[in-house]
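The values are calculated or read from the model by the stated rules, or taken from the named source; none is laboratory data. Quantities reported herein were computed from a predicted structural model and do not represent experimental measurements. Methodologically, a virtual Cβ is constructed for each residue, glycine included, from the backbone with ideal geometry; neighbour enumeration extends over all protein chains shown. For accessibility, only protein heavy atoms count, side chains too; no ligands or nucleic acids. Shrake-Rupley method; radii C 1.70, N 1.55, O 1.52, S 1.80 Å.
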Amino acid sequence: MKIGSGWGSFTSLVGVGDYDRDGLNDLYAVGASGSRLYSGTGSATGPFKPGVFTSVHSDAASFNSVF
């Protein structure tokens, strides 16, 4: 599924389900500038709200690691 363009600056994109509990799926993105949470909108033409910087996990190197 294509979610739009401009995601190339991120090293990891993870669907996190309904993180903000509004009934819509959300997206977590990690890149060199830090991590952001993109809340879902439910719209096919604009599926996510602008990203909000978060400190949930900012170490992209270990983001995909299993401990």
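In region 25-50, of all residues being open to solvent by 60 Å² or more (accessible area, probe 1.4 Å) and among the hydroxyl-bearing types (Ser, Thr, Tyr), the one that is nearest to the chain's Cα centre (by Cα) corresponds to SER33.
For residues in region 1-14 being at pLDDT 85 or above and touching a Phe, Trp or Tyr at 6+ places or on another chain (Cβ under 8 Å), which is most open to solvent (accessible area, probe 1.4 Å)? Looking at residues that are at pLDDT 85 or above and touching a Phe, Trp or Tyr at 6+ places or on another chain (Cβ under 8 Å), I get THR11.
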